[in-house]
1. Give the residue list of GluC sites (Glu not before Pro) in segment 183-253 that are DSSP loop and have at most 14 other beta-carbon atoms within 10 angstrom.
2. Find, among the GluC sites (Glu not before Pro) in segment 390-461, those assigned to loop by DSSP (not H, G, I, E, B) with at most 10 other beta-carbon atoms within 10 angstrom.
3. Could you state the accessible area per residue of the chain in Å², with a 1.4 Å probe and every protein chain left in place?
4. Rounded to the nearest 500, what is the 222 nm mean residue ellipticity of the chain from helices alone, with -39500 (n - 2.57) per DSSP H run of 4+ residues and division by all residues?
5. May I ask for the net charge around residue 135, where only other residues with Cβ less than 9 Å from the Cβ of residue 135 are counted and Lys, Arg are +1 while Asp, Glu are -1?
6. Roughly speaking, to the nearest percent, how much of the chain's 1.4 Å accessible area is carbon and sulfur?
7. Dividing the Cα convex hull volume of segment 320-404 by residue count, how many Å³ per residue is that?
8. What are the chymotrypsin sites (Phe, Trp or Tyr not before Pro) within segment 476-510 that DSSP puts in a loop, where the Cβ has at most 16 other Cβ atoms within 10 Å?
Amino acid sequence: MILVALFVLGCFLQTVQTARADADALAWTPASPFRDELRDLGVAALIRDDAEATALTSTDFGNVTVALAAAVLYPSCPADIAALLRASCARSFPFPVSARGRGHSVRGQAAAPDGVVVDMPSLGRLGGGSTASRLSVSVEGQYIDAGGEQLWVDVLHAALAHGLTPRSWTDYLHLTVGGTLSNAGSSGQAFRYGPQISNVQELDAITGLGEMVTCSKERNSDLFDAALGGLGQFGVITRARIPLVPAPTRARWVRLLYTGAAALTGDQEQLIDVERANALSGLMDYVEGTVLADKGLIGSWRPPSPSSSSFCSEPDAAARVAKLTEEAGGVLYCLEGALYYGGTAGGEPDVEKRLETLLRELRYERGFASAHGVSYVEFLDRVLDGELKLRAAGQWDVPHPWLNLFLPRSRVLDFAAGVFHGILRRGTTGAMGPVLVYPMNRNRWDGDMSAVFPEEEEVFYTVGILRSAVSDGDLARLVKQNDEILRFCEEARIRCAQYLSYYADQAGWEKKHFGPAKWARFVERKRKYDPKAILSRGQRIFTSPLA
């Protein structure tokens, strides 16, 4: 949820540039306000405060807000980050510190206004190692230890070298381990295995006090639960131990068109119902869905394989889809899924039987089905192709005013009627980007962790409205539309939780996001692990020390 955890059409701003390998080039300049403290701790040579360095961390993928840091730390090892945090903690007026991986936030959540941004990709690089040196697979223990700065795509390849794989993913793999675990990390596998935060055995985290702590469910469990989904408020994640399972080798990638939300969500809920047996439960290993309210997006953002024999590759496909869209009142839905096979996941005959059952039982529009085989890696890393196309078209670094919500199952059709068929249908010309909708099982999420999600019902839905502002005026209009969606939910009494959340002040977080009980626990943990509110002030949850 980013998701995302969550799937995206275009996923990143220009990432922070590779730190200079020669530490002498990262000289501290007299303008820096924290010079004396950092020199004494031995990290001054790893900090830059020049305009080039600070500008690269002043904005993010959202490209909506600008927050200029005073300096950037390029750590050679986790101890450098701990030293920086101790220096801040020792001051009468602590400076803010934020860890930045790939800058995938959308409203400046990884910023450190007038403070220090930690360039996480530098870990290991300045110490003479490489990013690969902070990935270690234990075949016997069935886990991988990954540095918090590591990309999930590198985690995947390191595990696959031993025939293993993590179970839970984000839709875009070029995100850091620490970044997604600080939010939740969710995609189409979460219905079965839970989000990425539910698939962690152990963490190394550096608290706001500068303490380096190893934690798990059995050891320092309070920090473990706080940091997972904790929005960077309790510690900088420098290592995560991720459990592994035998990896499949292939995926049958399926996309089916629907003309109504009720049919789509009904089928999705049967597919994710792994507790009670039905004809569809558990047949898919990945379940998501999209809302196609703009005919220009239909079939354009996830093109089928050239070898695919499906409606998408037929000569009259565009005309057929346009006619179906008109008949459906301007909105189509797409069920997207994958069936894994190969290795220990079963052979091709088995997957063909599962696919046959799906195509017989699901309530999609007959004649509008696409199914083709790709490698396991190709499926998991499928979004990269969209990124490359956007970069080539010059549409990568545009603003991304995204809105991600978790909705209770009982209100998803009300939301669809008011938003998908109402708000999003008014004035969307020029906007680009997918709108996702898919369900998850609540019992796969851990309520002791910091992530907020609807807990009242067995199933809740992820809705990701992931548009890009590509034309003049788009940004203001899309931000206004997001506000309209949130007002609609409030007026319709649809209790929703934001993912990749943004609130202007602490009151919004307390009243609209957490609620009284969760807020009290969140504050208690903050007081214990970061009492001076040094970490992640860009989230706007805590901007001054706690009493």
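The values are calculated or read from the model by the stated rules, or taken from the named source; none is laboratory data. A quick note: this is a predicted structure, and the numbers were derived from the prediction, not measured. A quick note on method: Cβ atoms are made from the backbone with ideal geometry, for glycine too, and the neighbour counts reach across all protein chains shown. When the accessible area is computed, the model is the full protein with side chains, heavy atoms only, and any ligands, DNA or RNA have been set aside. Shrake-Rupley method; radii C 1.70, N 1.55, O 1.52, S 1.80 Å.
1. Numbers: sites: 202, 211, 218; in loops: 211, 218.
Those satisfying the criteria are 218.
2. Numbers: sites: 455, 456, 457, 458; in loops: 455, 456, 457, 458.
Passing sites in segment 390-461 are 456.
3. Details: 20460 Å² over 547 residues.
Spelled out: the 1.4 Å probe surface of the chain, per residue, equals 37 Å².
4. Values: 15 runs with 139 residues, N = 547.
Value at 222 nm, helices only: -7500 deg cm²/dmol.
5. Numbers: positive: 134; negative: 145, 154.
Combined, the nearby Lys, Arg, Asp and Glu give -1.
6. On the way: 10350 of 20460 Å².
The value for the chain is 51 percent carbon and sulfur by accessible area.
7. Details: hull volume 14.8 nm³, N = 85.
It comes to 174 Å³ per residue, whole-number rounded.
8. Numbers: sites: 488, 499, 502, 503, 509; in loops: 502, 503.
Answer in residue order: no site qualifies.
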